[in-house]
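K.L.:
Mind having a look at this structure? Questions to follow.
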Amino acid sequence: MILPGATLGLIGGGQLGRMFTMAARNLDYRVTVLDPDPLSPAAEFATGHLNTAYTHPISIEEMANSCAAVTTEFENAPAEVLLQLASRTTVRPSGNAVGIAQDRELEKGFFKTNGFPVGAFAVIKKPDNIDAALTDVTLPAVLKTARFGYDGKGQARIESRAQLVEMLDKWRYPPTILEQWVPLNLEISVVLARTASGEISVFPVAENQHVNGILDITIAPARISPVLADAATSIATAVAERLAYVGVLAVEFFVLADNTLLINEIAPRPHNSGHFTIDACRTSQFEQQVRVLCDLPLGDATQHSPAVMLNLLGDLWRGKDHEIAPDWSVVLSHPGAHLHLYGKRTARPGRKMGHVTVCDVTAEAAFAAAMAMKSALRAAA
C-alpha cells in the first residue's frame with residue numbers, strides 16, 4: 001500500500017490528468033507530470049512537471065527514481081515507456097494493456113480472439129488488402145486509422161469502393177481498420193476499476209450521445225433495461241479480467257435495434273463519459289484511479305443523484321480567435337449544475353474546454369436542464 005505523502009507519476013497532462021492530479025492532491029499525494037506542453041492543464045495542480053517528450057531518457061529516469069507508482073491519462077502514451085518504467089516502479093495500467101488499447105488492429109483482434117461481441121472488421125495496410133477487406137465487410141462502412149484516432153479524427157464513412165481507395169490514397173495507407181457500419185439504437189459505456197488482486201468496482205452504465213464523433217451528452221444512469229445494463233457490465237468485467245487489467249477502464253458499446261451489444265472500443269484510463277462520477281457518485285473515477293494505483297481499498301461507486309454531463313467545446317467561445325469565454329451565469333444559476341473548466345489557454349472549435357454536470361431528482365429533469373443550458377450557450381456563441 002502506497003500511503004499519502006508519496007509521489008505519483010503521471011504520463012500525460014491533459015484534462016483527465018488534471019482531474020486525477022486534483023484527486024491525488026486531495027489525498028495528500030505529490031504528483032509529477034510528464035508532458036511536453038508547458039501549459040499542461042494537469043501540471044497546474046501537480047507538484048512537479050517534467051516538461052519534455054514522453055520518451056526523454058532523463059525524464060524517464062527521474063520518474064523511475066522518484067515516483068512510487070506511475071499511471072497514464074491517455075491511451076497514446078508510449079507503451080514502451082510504461083514497460084520500461086515497470087522494471088523500476090509500479091505501473092498501472094500495464095504497458096501491455098495500453099498497447100492493445102492504442103492499436104485498433106490489436107484491440108479488435110483481442111475482442112475476436114476472446115469471443116467478445118464485435119462487429120465485422122478487416123485490416124487494410126496496402127492496396128492489395130482492399131478486395132479481401134470488402135469480402136469480409138460490406139458497405140457502407142467506417143474506415144479508421146489503427147492508431148492515434150480519437151474524437152472523430154482519423155475516421156471516414158465509406159459508401160463505395162472508389163471512395164475507399166480515394167481515402168486510403170489521401171491518408172497514404174497507414175494501417176487502417178474497415179468496420180461494418182451498423183444501425184444503432186444508442187451508445188453506452190461502462191467505467192470500472194480493477195485492483196491488482198482482482199477486485200472490481202463498476203460505476204452505473206452511462207448513455208452517450210455524440211456529435212461529429214465527439215461526445216456531447218452523457219446521461220447516467222443510462223435509460224436502458226436492467227437486463228441490458230447487467231449484460232454490458234458483465235462483458236466489461238470480463239474484458240478487464242481477460243486483460244489482467246489494473247486501473248480504471250472504460251468499455252464503449254453499440255446497442256443495436258434488437259438490444260444486441262457490440263464492443264466499440266476500450267480506453268485504458270478514466271473516460272469522458274465517466275465525468276459525472278465526480279459530482280453524482282460517492283467516489284469519482286479519478287479517486288478510484290488513485291486508489292488502484294496505490295493499492296488502497298476501492299471506494300463506493302454508488303450513484304447518489306441522477307446526472308447529465310454536457311461537454312463544453314471551444315465552439316462556445318466567442319470572438320475572432322475564440323478568446324471570449326461564455327457567460328457562465330447560464331450554468332451557475334442552476335443549483336444542481338457543477339461547472340468544470342480545464343484551464344486550457346486557447347479555445348478552438350472541437351476542443352474540449354470543460355464540462356457541466358447537472359444533478360437532479362430524475363434523469364429527465366437533469367436532461368431538460370442540461371439541454372436548456374446547451375441552447376442558451378450556443379445561442380450566445
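K.L.:
Treating the beta-carbon of each Lys and Arg as +1 and of each Asp and Glu as -1, no other charges, what is the dipole magnitude of the chain about its Cα centre, to the nearest 20 debye?
P.N.:
Charge dipole, the chain, about its Cα centre: 520 debye, nearest 20.
K.L.:
If I take R0 = 22 Å and measure r between the Cβ atoms of residue 139 and residue 114 in this structure, what FRET efficiency does the formula 1/(1 + (r/R0)^6) give, to the nearest 0.05?
P.N.:
My answer for the efficiency is 0.20.
K.L.:
Per DSSP H run of n ≥ 4, the term is -39500 (n - 2.57); total these for the chain, divide by its residue number, and report the mean residue ellipticity at 222 nm rounded to 500 deg cm²/dmol.
P.N.:
-9000 deg cm²/dmol
K.L.:
Here's something else I'd like to know. At a 1.4 Å probe radius, carbon and sulfur cover how many percent of the accessible area of the chain?
P.N.:
52 percent
K.L.:
Relative contact order (percent) for segment 103-213, with alpha-carbon contacts under 8 angstrom and 6 or more residues of separation?
P.N.:
Value for segment 103-213: 27 percent.
K.L.:
Sticking with this one: Contact order normalised by length for the chain, with contacts defined as Cα pairs under 8 Å and 6 or more residues apart; what percent is it?
P.N.:
13 percent
K.L.:
GNM, the chain, Cα, under 10 Å: largest mean-square fluctuation among 279, 321, 216?
P.N.:
Result: 321 has the largest fluctuation of those listed.
K.L.:
Ranked by accessible surface with a 1.4 Å probe, highest first, in what order do 210, 271 come?
P.N.:
Of 210, 271, the descending order of accessible area is 210, 271.
K.L.:
If you rank 245, 54 by how much accessible surface each has, with a 1.4 Å probe, what is the order from largest down?
P.N.:
Ranked list, largest accessible area first: 54, 245.
K.L.:
A further question on this structure: Pick from 72, 357, 346 the residue whose mean-square fluctuation is largest in a GNM of the chain, springs joining Cα atoms under 10 Å.
P.N.:
Of 72, 357, 346, the most mobile in the Gaussian network model is 346.
K.L.:
Could you check which residue among 289, 102, 209 shows the biggest mean-square fluctuation in a GNM of the chain with a 10 Å Cα cutoff?
P.N.:
209
K.L.:
Around residue 289, with a cut-off of 10 angstrom between Cβ atoms, what is the net charge of the other residues, counting Lys and Arg +1 and Asp and Glu -1?
P.N.:
Here the count lands on +1.
K.L.:
Just read off the accessible area of residue 318 with the full protein assembly in place, 1.4 Å probe, to the nearest 10 Å².
P.N.:
My reading of the accessible area for residue 318 is about 90 Å².
K.L.:
Counting alpha carbon pairs within less than 8 Å and at least 6 residues apart, what relative contact order, in whole percent, applies to segment 184-343?
P.N.:
24 percent
K.L.:
Give the lysines whose C-alpha is closer than 22 Å to that of residue 320, dropping any in the same chain fewer than 8 places away, or say none.
P.N.:
Result set, ordered by chain and number: 344, 352, 374.
K.L.:
Please find the FRET efficiency linking residue 361 to residue 166, where r is the Cβ-Cβ separation and R0 is fixed at 41 Å, and quote it to the nearest 0.05.
P.N.:
So the FRET efficiency works out to roughly 0.20.
K.L.:
Additional query: Computed FRET efficiency, Cβ-Cβ of residue 375 and residue 130, R0 41 Å: what is it to the nearest 0.05?
P.N.:
With a Förster radius of 41 Å, E is 0.40.
K.L.:
Related question: Between residue 304 and residue 65, what length in nm is gained on full extension when 0.36 nm per residue of separation is reduced by their alpha carbon distance?
P.N.:
Result for the pair: 82.0 nm of gain on full extension.
K.L.:
Right, here's the next one. Can you tally the net charge around residue 222? Count Lys and Arg as +1, Asp and Glu as -1, for every other residue whose Cβ sits under 11 Å from the Cβ of residue 222.
P.N.:
With Lys, Arg at +1 and Asp, Glu at -1, the neighbours total -1.
K.L.:
Okay, moving on. Please report the accessible area of residue 224 (heavy atoms, 1.4 Å probe, ligands and nucleic acids excluded) in Å², nearest 10.
P.N.:
Approximately 40 Å² of residue 224 is accessible to the 1.4 Å probe.
K.L.:
So, one more: Near residue 254, within a Cβ-to-Cβ distance under 11 Å, what is the net charge of the other residues, with Lys and Arg +1 and Asp and Glu -1?
P.N.:
-4
K.L.:
How many angstrom lie between the Cα centre of segment 10-72 and the Cα centre of segment 74-106?
P.N.:
16 Å
K.L.:
Could you point to the label whose value was computed as Kirkwood radius over Cα pairs in Å for the structure here, given (1) 21.5; (2) 23.5; (3) 22.6?
P.N.:
Only one listed value fits the structure, namely (1).
The values are calculated or read from the model by the stated rules, or taken from the named source; none is laboratory data. Source: prediction; values computed, not measured. All Cβ positions, even for glycine, are placed from backbone atoms using ideal geometry, and neighbour counts span all protein chains on display. Ligands, DNA and RNA are excluded from the accessible area calculation, which covers all protein heavy atoms including side chains. Shrake-Rupley method; radii C 1.70, N 1.55, O 1.52, S 1.80 Å.
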